[in-house]
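In what follows, a single structure is set out as structure tokens and then discussed.
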Amino acid sequence: MNLEEKSLIKKAKLGDESALNLLIKNHAPVVFNTALRILQNESEAEDVLQETFIIFIKKIGSFEGRSSLATWLYRVATNVAIGKIRAKKKEGSIVELDVLNHEPLTGHELRSWPEEIEKMWKDESIQSCLTEALKELPVIFRTVFILRDLEGHSVEETSKSLDISPSNVKVRLMRARLFLRDKMAHNLHCVEAIS
Amino acid sequence: MKYHLHKKSDRIVKLVHEYLGENSHEELLSEVADHMTDCPECYIYIDSVKQTIQLMRKVDSPNAYSKDIEHRLLKSLNIRK
């Protein structure tokens with residue numbers, strides 16, 4: 001946490017509304033985008049944004065700065081977002097884990113992806129495949145993939161944000177990547193069943 | 001060329017993902033690099049995982065945050081703009 005942020009938090013704790021305003025404005029876009037990635041729904045992401053900052057304002061007096069404010073906000077926002085998904089789908093972690101207990105692509109031929117793949121991201125079918133694959137990815141894996149691979153947090157930061165062990169982060173990340181990679185491979189027809 | 005990664009070589013799959021992560025030890029990097037020399041499937045696999053992550057970063061870059069959202073947020077929190 002940088003000195004400017006520490007100072008803003010200190011002032012906000014003392015009731016300085018402009019400091020609080022600045023802290024919220026600084027962090028709100030990232031909180032919103034994270035919630036949007038997890039929920040894939042703008043209106044729900046906005047709910048998460050508001051709930052996250054309501055919790056922040058309630059708890060700022062006891063915020064000790066043991067983790068950075070960004071990490072703290074990630075933890076709150078992802079928990080609120082996950083809670084929303086669970087409430088909606090009533091899905092539990094055991095069910096979610098089973099979803100990824102597939103045996104991806106064994107008995108298939110593995111081929112290199114097209115060389116121009118990097119340029120293909122604007123292709124509608126690629127975009128749709130990736131977006132759908134991310135939606136299909138159960139939330140406990142999706143959140144790890146989003147924080148670690150899309151937003152570039154370290155394993156340690158991701159582990160703190162989600163309150164899970166670093167090794168759990170690695171396992172979930174590995175399975176998320178396998179899932180997404182295999183979805184893409186099918187889309188690109190880069191696998192072929194061996195007869 | 002059979003796709004062997006998941007079924008036959010769980011340890012290699014785990015190593016590969018360590019390899020793709022941060023803080024990889026030199027010993028690990030060297031083991032994976034050695035393995036890739038003898039194993040075109042793993043080479044293709046690692047490359048495709050990297051490409052998936054890159055593509056996902058390009059495709060999934062939500063930028064829907066707006067001044068309207070900020071306005072509604074501050075209003076809901078009773079904070080002056």
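Points worth noting:
- Of all residues in segment A:15-26, one or more are under 29 Å from residue B:57 (Cβ atoms), in contact (Cβ under 8 Å) with a residue 12 or more places away in the chain and within 10 Å of chain B (Cβ to nearest Cβ).
- Among residues of segment A:178-190 that are over 14 Å from residue A:114 (Cα atoms) and at the interface with chain B (Cβ under 7 Å from one of its Cβ atoms), those with a Cβ under 9 angstrom from a residue that is part of a loop (DSSP other than H, G, I, E, B) and modelled with pLDDT of 85 or more, sequence gap 6+ or separate chain, pair up as A:180/A:137.
Yes/no per residue for (1) over 30 Å from residue A:16 (Cβ atoms); (2) surrounded by 14 or more Cβ atoms within 10 Å (Cβ to Cβ); (3) more than 7 Å from every other protein chain (Cβ to nearest Cβ); (4) modelled with pLDDT of 70 or more:
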residue: B:15; (1), (2), (3), (4): yes, yes, yes, no
residue: B:20; (1), (2), (3), (4): yes, yes, yes, no
residue: B:44; (1), (2), (3), (4): yes, yes, no, yes
residue: B:50; (1), (2), (3), (4): yes, no, yes, yes
residue: B:59; (1), (2), (3), (4): yes, yes, no, yes
residue: B:77; (1), (2), (3), (4): no, yes, no, yes
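- Meeting the requirement of 3 or more residues that are farther than 16 Å from residue B:56 by Cβ, the helices (runs of 4 or more DSSP H) wholly within segment A:110-164 are A:155-162.
- Residue count for segment B:61-75 under the criterion of being surrounded by fewer than 14 Cβ atoms within 10 Å (Cβ to Cβ) and under 26 Å from residue A:120 (Cα atoms): the result is 3.
- Only a single criterion out of (1) over 28 Å from residue B:57 (Cβ atoms); (2) more than 21 Å from the chain's Cα centre (by Cα) is not satisfied by residue A:55, namely (2).
The values are calculated or read from the model by the stated rules, or taken from the named source; none is laboratory data. All figures in this text were calculated on a predicted structure; none of them were measured in a lab. Glycine also receives a Cβ, built like all others from the backbone with ideal geometry; neighbour counts cover every protein chain displayed.
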